[in-house]
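Trainee: Below: one structure in C-alpha coordinates.
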Amino acid sequence: LVKDLDRYLPDGCVVAVLTLLAQLNIDLRISRPRVTKLGDYRPPLRHKRHRISVNSGLNKYSFFITLIHEIAHARVWDKYRNKVSPHGLEWKREYQILMTPYLEKDFFPENLKQVLTTHMLNPRAGHFSDPQLVKALSKYDSEQTLLEELPEGAIFAIRGGRVFRKGPLQRTRYKCQSTENKKWYLIHKLTPIQSIEARF
Ligand SMILES: [Zn+2]
(Lines give C-alpha, C1' and ligand atoms only; values in the text may rest on other atoms or scores of the structure.)
Protein backbone atom coordinates (compact mmCIF):
# COMPACT_ATOMS: atom_id res chain seq x y z
CA LEU A 1 0.00 0.00 0.00
CA VAL A 2 2.90 2.38 0.74
CA LYS A 3 4.14 2.21 -2.81
CA ASP A 4 0.64 2.48 -4.19
CA LEU A 5 -0.47 5.41 -2.09
CA ASP A 6 2.80 7.22 -2.65
CA ARG A 7 1.87 7.67 -6.32
CA TYR A 8 -1.19 9.72 -5.41
CA LEU A 9 0.29 11.92 -2.70
CA PRO A 10 2.73 14.85 -2.62
CA ASP A 11 6.28 13.98 -1.55
CA GLY A 12 7.02 13.52 2.10
CA CYS A 13 3.65 12.62 3.62
CA VAL A 14 2.94 8.98 2.85
CA VAL A 15 4.35 7.61 6.12
CA ALA A 16 2.42 10.16 8.20
CA VAL A 17 -0.77 9.45 6.23
CA LEU A 18 -0.44 5.67 6.59
CA THR A 19 0.21 6.08 10.31
CA LEU A 20 -2.94 8.18 10.65
CA LEU A 21 -5.03 5.65 8.71
CA ALA A 22 -3.71 2.80 10.89
CA GLN A 23 -4.22 4.68 14.18
CA LEU A 24 -7.78 5.60 13.32
CA ASN A 25 -8.70 2.21 11.81
CA ILE A 26 -9.53 3.61 8.42
CA ASP A 27 -9.78 1.58 5.23
CA LEU A 28 -8.87 3.72 2.25
CA ARG A 29 -10.09 2.93 -1.21
CA ILE A 30 -9.04 4.77 -4.34
CA SER A 31 -12.05 4.94 -6.59
CA ARG A 32 -12.60 5.70 -10.23
CA PRO A 33 -13.15 9.41 -10.88
CA ARG A 34 -16.68 10.46 -9.94
CA VAL A 35 -18.18 13.72 -11.13
CA THR A 36 -20.42 14.19 -8.12
CA LYS A 37 -17.73 13.98 -5.43
CA LEU A 38 -13.99 13.84 -4.89
CA GLY A 39 -14.14 11.55 -1.91
CA ASP A 40 -16.43 10.21 0.75
CA TYR A 41 -16.50 8.97 4.30
CA ARG A 42 -18.54 6.15 5.85
CA PRO A 43 -18.66 5.58 9.59
CA PRO A 44 -17.94 2.17 11.16
CA LEU A 45 -21.50 0.93 11.55
CA ARG A 46 -21.91 -2.54 10.11
CA HIS A 47 -18.22 -2.66 9.31
CA LYS A 48 -15.84 -2.31 12.19
CA ARG A 49 -13.64 0.23 10.47
CA HIS A 50 -14.04 3.70 9.03
CA ARG A 51 -14.14 3.72 5.25
CA ILE A 52 -12.84 6.48 3.05
CA SER A 53 -12.70 6.65 -0.70
CA VAL A 54 -10.86 9.24 -2.76
CA ASN A 55 -11.04 9.64 -6.52
CA SER A 56 -8.13 8.67 -8.65
CA GLY A 57 -7.35 11.18 -11.37
CA LEU A 58 -6.91 14.04 -8.91
CA ASN A 59 -3.61 15.86 -8.80
CA LYS A 60 -1.46 15.11 -5.75
CA TYR A 61 -2.47 18.20 -3.81
CA SER A 62 -6.20 17.77 -4.52
CA PHE A 63 -5.90 14.12 -3.49
CA PHE A 64 -4.14 15.04 -0.25
CA ILE A 65 -6.62 17.80 0.66
CA THR A 66 -9.58 15.50 -0.09
CA LEU A 67 -8.06 12.71 2.00
CA ILE A 68 -7.43 14.99 4.98
CA HIS A 69 -11.00 16.31 4.67
CA GLU A 70 -12.31 12.73 4.95
CA ILE A 71 -9.93 11.75 7.76
CA ALA A 72 -11.30 14.71 9.72
CA HIS A 73 -14.76 13.07 9.43
CA ALA A 74 -13.35 9.90 11.01
CA ARG A 75 -11.90 11.87 13.94
CA VAL A 76 -15.24 13.63 14.45
CA TRP A 77 -17.07 10.29 14.43
CA ASP A 78 -14.68 8.86 17.04
CA LYS A 79 -15.31 11.82 19.34
CA TYR A 80 -18.97 12.70 18.72
CA ARG A 81 -20.52 9.87 16.70
CA ASN A 82 -23.38 11.38 14.70
CA LYS A 83 -24.35 13.97 17.28
CA VAL A 84 -22.84 16.86 15.32
CA SER A 85 -23.43 18.12 11.81
CA PRO A 86 -21.13 16.68 9.12
CA HIS A 87 -19.30 19.90 8.28
CA GLY A 88 -19.93 21.77 11.51
CA LEU A 89 -17.50 23.37 13.93
CA GLU A 90 -16.20 20.04 15.24
CA TRP A 91 -15.28 18.92 11.73
CA LYS A 92 -13.72 22.29 10.87
CA ARG A 93 -11.57 22.05 13.99
CA GLU A 94 -10.36 18.50 13.27
CA TYR A 95 -9.67 19.42 9.67
CA GLN A 96 -7.62 22.43 10.81
CA ILE A 97 -5.70 20.36 13.36
CA LEU A 98 -4.80 17.78 10.71
CA MET A 99 -3.84 20.35 8.08
CA THR A 100 -1.88 22.82 10.23
CA PRO A 101 1.43 20.90 10.35
CA TYR A 102 1.45 20.78 6.54
CA LEU A 103 0.86 24.52 6.28
CA GLU A 104 3.77 25.23 8.60
CA LYS A 105 6.46 23.54 6.56
CA ASP A 106 7.42 23.63 2.89
CA PHE A 107 4.98 20.95 1.95
CA PHE A 108 2.76 22.93 -0.43
CA PRO A 109 4.09 25.23 -3.14
CA GLU A 110 4.08 28.83 -1.88
CA ASN A 111 1.02 30.10 -3.78
CA LEU A 112 -1.09 27.09 -2.90
CA LYS A 113 0.04 27.33 0.73
CA GLN A 114 -1.18 30.92 0.96
CA VAL A 115 -4.55 30.20 -0.63
CA LEU A 116 -5.05 27.07 1.46
CA THR A 117 -4.10 28.88 4.68
CA THR A 118 -6.88 31.39 4.02
CA HIS A 119 -9.28 28.62 3.02
CA MET A 120 -8.60 26.71 6.25
CA LEU A 121 -9.73 29.63 8.43
CA ASN A 122 -13.29 28.56 7.65
CA PRO A 123 -13.29 25.44 5.47
CA ARG A 124 -16.54 24.49 3.78
CA ALA A 125 -18.06 21.17 2.84
CA GLY A 126 -16.50 21.11 -0.58
CA HIS A 127 -13.19 22.82 -1.14
CA PHE A 128 -14.28 23.24 -4.73
CA SER A 129 -16.71 25.90 -3.59
CA ASP A 130 -13.67 28.11 -3.05
CA PRO A 131 -12.74 29.51 -6.49
CA GLN A 132 -9.34 30.74 -5.30
CA LEU A 133 -8.44 27.27 -4.14
CA VAL A 134 -9.77 25.66 -7.32
CA LYS A 135 -7.58 27.98 -9.32
CA ALA A 136 -4.49 27.37 -7.19
CA LEU A 137 -5.01 23.60 -7.36
CA SER A 138 -5.73 23.51 -11.08
CA LYS A 139 -2.14 24.58 -11.71
CA TYR A 140 -1.10 21.06 -10.82
CA ASP A 141 -3.56 19.32 -13.13
CA SER A 142 -0.89 18.30 -15.62
CA GLU A 143 -0.03 21.86 -16.61
CA GLN A 144 -3.62 22.70 -17.43
CA THR A 145 -4.39 26.03 -19.05
CA LEU A 146 -7.50 27.85 -17.86
CA LEU A 147 -9.80 29.88 -20.10
CA GLU A 148 -8.92 33.11 -18.30
CA GLU A 149 -5.25 32.71 -19.25
CA LEU A 150 -5.98 32.89 -22.98
CA PRO A 151 -5.96 36.20 -24.86
CA GLU A 152 -9.28 37.52 -26.17
CA GLY A 153 -9.98 36.15 -29.63
CA ALA A 154 -8.19 32.86 -28.96
CA ILE A 155 -9.70 29.75 -30.51
CA PHE A 156 -9.88 26.92 -28.02
CA ALA A 157 -11.52 23.55 -27.38
CA ILE A 158 -13.12 22.37 -24.14
CA ARG A 159 -13.57 18.82 -22.92
CA GLY A 160 -15.76 16.98 -25.37
CA GLY A 161 -14.10 18.78 -28.26
CA ARG A 162 -16.42 21.76 -28.81
CA VAL A 163 -14.51 24.72 -30.23
CA PHE A 164 -15.03 28.40 -29.37
CA ARG A 165 -13.55 31.83 -29.84
CA LYS A 166 -12.95 33.71 -26.59
CA GLY A 167 -14.83 36.99 -26.17
CA PRO A 168 -15.24 39.53 -23.34
CA LEU A 169 -15.57 38.74 -19.64
CA GLN A 170 -18.97 39.07 -17.98
CA ARG A 171 -18.57 38.71 -14.22
CA THR A 172 -17.10 35.20 -13.85
CA ARG A 173 -17.76 33.97 -17.37
CA TYR A 174 -16.47 34.75 -20.81
CA LYS A 175 -18.78 35.25 -23.76
CA CYS A 176 -17.49 32.72 -26.25
CA GLN A 177 -18.68 32.09 -29.77
CA SER A 178 -19.03 28.57 -31.08
CA THR A 179 -17.02 28.17 -34.25
CA GLU A 180 -19.56 25.58 -35.41
CA ASN A 181 -22.97 27.21 -34.97
CA LYS A 182 -21.78 30.82 -34.39
CA LYS A 183 -23.95 31.10 -31.24
CA TRP A 184 -22.65 32.77 -28.07
CA TYR A 185 -22.17 30.87 -24.82
CA LEU A 186 -21.09 31.91 -21.34
CA ILE A 187 -18.19 29.77 -20.20
CA HIS A 188 -16.71 29.98 -16.71
CA LYS A 189 -13.31 31.65 -16.58
CA LEU A 190 -11.75 28.70 -14.70
CA THR A 191 -12.73 26.13 -17.33
CA PRO A 192 -9.71 24.03 -18.30
CA ILE A 193 -8.77 24.27 -21.95
CA GLN A 194 -8.05 21.15 -23.94
CA SER A 195 -6.27 22.57 -26.92
CA ILE A 196 -5.58 25.95 -28.35
CA GLU A 197 -5.16 27.09 -31.90
CA ALA A 198 -1.89 28.91 -32.29
CA ARG A 199 -3.31 31.84 -34.25
CA PHE A 200 -5.38 34.35 -32.32
ZN1 LIG B 1 -17.10 16.05 4.01
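The values are calculated or read from the model by the stated rules, or taken from the named source; none is laboratory data. Since the model is a prediction, treat every value here as computed from it, not as a measurement. As a convention, Cβ positions derive from the backbone with ideal geometry for all residues, glycine included, and neighbour counts pool all protein chains shown.
Trainee: Checking the structure you have, find out if any residue of region 135-148 is under 25 Å from the mean Cα position of the chain (by Cα), modelled with pLDDT of 85 or more and either exposed (fewer than 15 other Cβ atoms within 10 Å of the Cβ) or more than 24 Å from Tyr8 (Cβ to Cβ) (or both).
Mentor: Checked region 135-148: at least one residue is under 25 Å from the mean Cα position of the chain (by Cα), modelled with pLDDT of 85 or more and either exposed (fewer than 15 other Cβ atoms within 10 Å of the Cβ) or more than 24 Å from Tyr8 (Cβ to Cβ) (or both).
Trainee: Kindly check whether there is at least one residue in region 163-174 that is closer than 15 Å to Thr66 by Cα, outside any strand (DSSP E or B) and among the hydroxyl-bearing types (Ser, Thr, Tyr).
Mentor: no
Trainee: Can you give me the number of residues within region 75-93 that are part of a helix (DSSP H, G or I), closer than 13 Å to Pro43 by Cβ, more than 11 Å from the ligand (Cβ to nearest atom) and in contact with a helix residue (DSSP H, G or I) (Cβ under 9 Å, 6 or more places away or on another chain)?
Mentor: 3
Trainee: Oh, and also: Are any residues in region 1-38 in a strand (DSSP E or B) and of a type in the set (A, V, I, L, M), and if so, which ones?
Mentor: Listed by number, the residues that qualify are Ile26, Leu28, Ile30.
Residue by residue, here is whether (1) more than 19 Å from Leu98 (Cα to Cα); (2) within 16 Å of the ligand (Cβ to nearest atom); (3) touching a strand residue (DSSP E or B) at 6+ places or on another chain (Cβ under 8 Å) holds:
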| site | (1), (2), (3) |
| --- | --- |
| Tyr8 | no, no, yes |
| Leu21 | no, no, yes |
| Ser31 | yes, yes, yes |
| Thr36 | yes, yes, no |
| Val54 | no, yes, yes |
| Phe63 | no, yes, yes |
| Ile68 | no, yes, no |
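Trainee: When both residues are 6+ apart or on different chains and their Cβ atoms are under 7 Å apart, which pairs have a first residue that lies in region 56-69 and is under 15 Å from Thr117 (Cβ atoms), and a second that is assigned to a helix (DSSP H, G or I) and away from the ligand (no atom under 15 Å from the Cβ)?
Mentor: Pairs found: Tyr61/Leu112; Tyr61/Leu137.
Trainee: Right, something else. Might you let me know whether region 39-54 holds any residue that is surrounded by 12 or more Cβ atoms within 10 Å (Cβ to Cβ) and either β-branched (Val, Ile, Thr) or assigned to a helix (DSSP H, G or I) (or both)?
Mentor: Within region 39-54, one or more residues are surrounded by 12 or more Cβ atoms within 10 Å (Cβ to Cβ) and either β-branched (Val, Ile, Thr) or assigned to a helix (DSSP H, G or I) (or both).
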